[in-house]
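Shown next, in structure tokens, is the structure this report addresses.
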Amino acid sequence: MAFCYKEIAAILKQAHCIDQKCELFGASRHQYKLNPPINAEVARSVEETYQFTFPEDYFQFITQVANGGAGPDYGIMPFEDSLMSGAYNNFQEAYKRSLKTPFAPRPMLPEEAESSSFSKEAYQQNPDKFFIYKKGDDAICDTDGFFVLGTHGCQWDFGLVVSGQRKGQIFTTDNEGAYFFRAYSFYEFYQQWLDWLSDKENVQKELAMWHKLGQKK
């Protein structure tokens, strides 16, 4: 499956007509806009330099549709921001080098769920979707093979696995070693959001909820 810019743009335009002030969560940042796509050579150069390859659906999105912009919550980060997002200060190069190493999380144990940032109820409903991935205390980067795509807010990020058996899958992380499986591919993840956004009733109900919350403050 491939993304179609015209179809995405039409959905974003419809949603923006309803949410004209960009009041839905995260919309004030992305404003239902898509950034111009990047040159394919830019992404291929990163792959060659750091010895891994991006899943084709994500590659097609950033090179033919948009270099980030409108997306779930605060949106999809621009490619260049994602390259820096998983590292801090002087560790950015180490983060990029870590992307070639397989992301290999293990199932989260019930006792770990008790102390996890994720809710215990969510774990009990879908324990097979929760995982732990922690490297040694001396590791410069927290996670191998995990390319951060965006944020849900606060400590919560979502990202794309670029190396290992789970390559292509999307996870949410609390950035403390806990992960929640979101989708089998970037296409599935983004399309789920588009499907929700294309339903006018969904957008109107969500907007009404935010208006109600604003009135209570």
Practice item. Place a +1 charge on the Cβ of each Lys and Arg in region 28-70 and a -1 charge on the Cβ of each Asp and Glu, then give the dipole magnitude about the Cα centre in debye, rounded to the nearest 20. Key: 320 debye
Revision key, fill the gap. In Å³ per residue, the alpha-carbon convex hull of region 27-87 encloses 84 Å³
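How large is the accessible surface per residue of the chain, computed with a 1.4 Å probe and reported in Å² as a whole number?
54 Å²
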Exercise for review: Report the charge-dipole magnitude of the chain in Debye, nearest 20, computed about the Cα centre from +1 at each Lys and Arg Cβ and -1 at each Asp and Glu Cβ.
Suggested key: 520 debye
Check your understanding: What percentage of the solvent-accessible surface of the chain, computed with a 1.4 Å probe over protein heavy atoms, is contributed by carbon and sulfur atoms?
Key -> 49 percent
Check your understanding: Over the chain, what relative contact order in percent results from Cα pairs under 8 Å that are six or more residues apart?
Key -> 22 percent
Revision key, fill the gap. Taking the square root of 5λ for each eigenvalue of the C-alpha gyration tensor of region 1-115, the equivalent ellipsoid has semi-axes, largest first and in whole angstrom, of 28, 22, 14
Check your understanding: What 222 nm value per residue comes from the helices of the chain, counting each DSSP H run with n ≥ 4 as -39,500 (n - 2.57) and dividing by all residues, nearest 500 deg cm²/dmol?
Key -> -11500 deg cm²/dmol
Exercise for review: At 7 Å along the Cα-to-beta-carbon direction for both residue 114 and residue 40, put a label point, then send me their distance in nm to one decimal.
Suggested key: 5.3 nm
Check your understanding: Toward the positive end of the charge dipole of the chain, about the Cα centre and with charges on Cβ (Lys, Arg +1; Asp, Glu -1), which of 133, 34, 118 goes farthest?
Key -> 34
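With 32 Å as the limit, write out which pairs from 33/134; 13/120; 96/129; 13/96; 33/120; 134/200 have Cα-Cα distances beyond it, or answer none.
Working: 33/134 35 Å; 13/120 38 Å; 96/129 26 Å; 13/96 35 Å; 33/120 36 Å; 134/200 41 Å.
Over 32 Å apart, Cα to Cα: 33/134; 13/120; 13/96; 33/120; 134/200.
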Review point. Under a point spin-label approximation (7 Å from Cα along Cα-to-Cβ), what is the residue 1-residue 80 distance to one decimal in nm?
Key: 3.1 nm
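The values are calculated or read from the model by the stated rules, or taken from the named source; none is laboratory data. Values in this document were obtained by computation on a predicted structure and should not be read as measured data. Heads up, the Cβs are rebuilt from the backbone with ideal geometry, glycines too, and the neighbour counts pull from every protein chain shown. All accessible areas refer to the heavy atoms of the entire protein, side chains included, with ligands and DNA or RNA removed. Shrake-Rupley method; radii C 1.70, N 1.55, O 1.52, S 1.80 Å.
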